[in-house]
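Reading through the structure tokens given below for one structure.
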Amino acid sequence: MSPGVPADALSLVAARAKGITVWSEIELASRFLRGKLIGITGANGKTTTSSLVAHILRSAGLPTILAGNIGTPLIACVEDSSEDTWTVAELSSFQLELTDKFRPHIAAFLNLSPDHLDRHRTMEAYGAAKAKIFANQSSEDFAVLNADDAATLPYAPQGPAVYWFSRTGAVEWGAFLHGEEIVFLRDGQAQSILRVEDIPLVGTHNLENVLAAVAITLLAGVGAEVIASAIKTFAGVEHRLEFVAEVGGVRYYNDSKATNVDATQKALESFDGRVIVILGGKDKDSDYRTLRKELRHRTVRALLIGAAAEKIASQVAGSVALEMVGTLERAVERAEHIARPGDIVLLAPACASFDQFENYEHRGRIFKDLVHKLAERASAVSQSAARRQGGR
């Protein structure tokens, strides 16, 4: 079944009632994949972490496939896999909830925050679906979890060896931040990996992603020097706090992948100074009130688009100046008018994209196109002014 089909869809309920097995696509693929499988799930950060892990493995010269929720179906990679292959799979709760014997050699559960409650209905069901990533692991496998994320702690499994990552304190087994340095501790032996200043990604949430990737790739057998070198050259992920352009002293960032409230909050935390944020899209039964603090302290205007605009406005009213603009095109126009040099314009919608776009990638590409057109117009105006000045 497609991940977009709910597990309790009537046709699937009827199939199971007749004794028909219902699997997700990753379950089928995993039965034929060769080599080692790394599975990465979480409410946020799984795309960046999966991409970084694949980048590190490739930098180590290991045959690597990156697939799953990130875009390429896992089943499409079966024929390309071999006994030497490392397959890195980004995994959603939708994919994991209907697995049976799915078993990653290394499984990571990055964090848990409210998302997809329109589908799973409760946080307990959402967390349980993601925790199925550990269900079939044995003592020969590894589980990686976030020691700083209280919501994931109850899901730490019993079967595999458990490793942790933390940016707030030391862990006995895993990766953590010691001063301004990332350290990995195993069997009582501490190993320095790299300094925080050498990480090219913006934001504390990306520091967590790097810590997770360090733990995962060390467990996969990659050397510390290779890991450090690969992290330094990692360019980031499209649509994830992606710098687009600077126009008239205003910097534009595309975080279209911020499809839930927690991701938007982390995006806002990544910037100091004046931020104009674009919010809205298709609501996923989210609570936007948790954004009030960051909106009050970091933003000067919230431009609201899409079907969720009125709900967002009702829940964050009083924390920031709000403007209902309807469409992304109009939001970029208003942002250009409002922003002054030194400001940040941030697309971080906190919503799904399906009310106005094909997916978050489509939304991000449209935003980038609009910003690039702004830059082209600004450049044309500047050149015209320069020609007029030169003719005097």
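With contacts taken as Cα pairs under 8 Å and at least 6 residues apart, the range 261-328 reaches a relative contact order of 35 percent. Take the Cα of Asp198, step 7 Å toward its Cβ, do the same at Ser379, and the gap between the two points is 3.5 nm.
Once every DSSP H run of n ≥ 4 in the chain is given -39500 (n - 2.57) and the sum is divided by its residues, what mean residue ellipticity at 222 nm do you get, rounded to the nearest 500 deg cm²/dmol? Calculated from helices alone, the mean residue ellipticity at 222 nm is -10500 deg cm²/dmol.
Suppose we keep just the DSSP beta bridges with both residues in the range 262-380; what percent of those would be antiparallel, to 5?
5 percent
Just how far, in whole angstrom, is the range 43-91 from the range 295-317 if you go by their alpha carbon centroids? So the two Cα centres are separated by 36 Å. DSSP assigns beta bridges within the chain; of those with both partners inside it, close to 30 percent run antiparallel. Take every pair of alpha-carbon atoms less than 8 Å apart whose residues are at least six positions apart; their mean separation over the length of the range 88-218 yields a relative contact order of 19 percent.
By accessible area of protein heavy atoms, probe 1.4 Å, what ranking do Phe271, Phe94 get, highest first?
On the way: Phe271 15, Phe94 40 Å².
So the residues, ranked largest to smallest area, are Phe94, Phe271.
Using the beta-carbon distance between Thr72 and Gln389 and R0 = 41 Å, what value does 1/(1 + (r/R0)^6) give for FRET efficiency, to the nearest 0.05? Don't jump to the answer; show the numbers that get you there.
Values: r = 52 Å, r/R0 = 1.27.
Computed FRET efficiency for Thr72 and Gln389: 0.20.
Scalar couplings 3J(HN,Hα) for the range 318-324, obtained by applying the Karplus form with A = 6.51, B = -1.76, C = 1.60 to θ = phi - 60°, are x, 8, 6, 5, 10, 9, 7 Hz; x denotes Gly and Pro. Amide H contacts of Ala245: Tyr252, each under 5 Å away and 5 or more positions distant or on a separate chain (H built 1.01 Å from N in the peptide plane; Pro and chain starts excluded). For the range 367-382 versus the range 115-190, the spacing of their alpha-carbon centroids is 43 Å. At the residue level, Tyr360 shows approximately 50 square angstrom of accessible surface with a 1.4 angstrom probe and all protein chains present. Available extension along the chain between Ser11 and Asp84 is 22.4 nm, counting 0.36 nm per residue and deducting the alpha carbon span.
Amide H contacts of Ala352 (H built 1.01 Å from N, in plane; Pro and chain starts excluded): Lys282, Lys284 sit under 5 Å, all sequence-distant by 5 or more or on other chains.
Please tell me the relative contact order of the range 1-156 in percent, rounded to the nearest whole number, where contacts are Cα pairs under 8 Å and at least six residues apart. Could you put the intermediate results ahead of the total?
On the way: 284 pairs, mean separation 41.8, N = 156.
Result for the range 1-156 is 27 percent.
Please give the charge dipole size of the chain, origin at the Cα centre, charges +1 on K and R Cβ atoms and -1 on D and E Cβ atoms. Round to the nearest 20 debye.
Its charge dipole is roughly 1080 debye.
Find how much the distance from Asp355 to Glu225 grows on full extension, using 0.36 nm per residue of separation minus their present alpha carbon separation; answer in nm with one decimal.
On the way: separation 130, 0.36 × 130 = 46.80 nm, distance 4.54 nm.
Here the segment from Asp355 to Glu225 would lengthen by 42.3 nm.
Are there any trypsin sites (Lys or Arg not before Pro) in the range 4-73 that are in a DSSP loop and have at most 10 other Cβ atoms within 10 Å? List them by number. Passing sites in the range 4-73 are Lys18. The slack in the chain from Asp187 to Gln158, taken as 0.36 nm per residue of separation less the alpha-carbon distance, amounts to 8.6 nm.
For Lys18, give me every one of the lysines with a C-alpha distance below 28 angstrom, ignoring sequence neighbours fewer than eight places off in its own chain. Within the straight-line limit of under 28 Å, Lys18 reaches these lysines: Lys101, Lys130, Lys132.
Under a Gaussian network description of the chain, with springs only between Cα atoms under 10 Å, the residue in Ser319, Ser382, Ser59 that fluctuates furthest is Ser382.
Farthest toward the positive end of the dipole of the range 262-367, out of Ala321, Phe367, Ala348, is the Cα of Ala321, where the dipole comes from beta carbon charges about the Cα centre.
Sites count as exposed loop sites when they are GluC sites (Glu not before Pro), lie in a DSSP loop, and have at most 12 other Cβ atoms within 10 angstrom; the longest stretch of the chain without one is 181-357.
For the range 247-380, what does the alpha-carbon gyration tensor say about shape, rounded, prolate or oblate, given a ≥ b ≥ c as the root eigenvalues, a/c under 1.5 as rounded, and a/b over b/c as prolate? Could you put the intermediate results ahead of the total?
Numbers: a/c = 1.74, a/b = 1.24, b/c = 1.40.
Oblate, because a/c is 1.5 or more while a/b does not exceed b/c.
Could you state the accessible area per residue of the range 246-330 in Å², with a 1.4 Å probe and every protein chain left in place? Working shown, then result.
Numbers: 3250 Å² over 85 residues.
Counting only protein heavy atoms, the per-residue value for the range 246-330 is 38 Å².
If the label point is 7 Å along Cα→Cβ of Glu140, which residues in the range 24-64 have backbone nitrogen under 18 Å from it? Backbone N within reach: 30-39. Once the Cα atoms are used to define both axes, helix 204-219 deviates from the longest principal axis of the chain by about 30 degrees. 3J(HN,Hα) couplings calculated from phi for the range 333-341 with the Karplus curve 6.51 cos²θ - 1.76 cosθ + 1.60 (θ = phi - 60°) are, in sequence order, 4, 5, 4, 4, 6, 7, 5, 10, x Hz; Gly and Pro show x.
With all protein chains in place and a 1.4 Å probe, the accessible surface of the range 134-259 carries 46 percent carbon and sulfur. Amide H contacts of Ala107: Gly39, Phe142, Ala143, Val144, each under 5 Å away and 5 or more positions distant or on a separate chain (H built 1.01 Å from N in the peptide plane; Pro and chain starts excluded).
The values are calculated or read from the model by the stated rules, or taken from the named source; none is laboratory data. Model, not experiment: these values are computed from the prediction. Methodologically, a virtual Cβ is constructed for each residue, glycine included, from the backbone with ideal geometry; neighbour enumeration extends over all protein chains shown. Side chains are part of the model used for accessible areas, which takes the heavy atoms of the whole protein and leaves out ligands, DNA and RNA. Shrake-Rupley method; radii C 1.70, N 1.55, O 1.52, S 1.80 Å.
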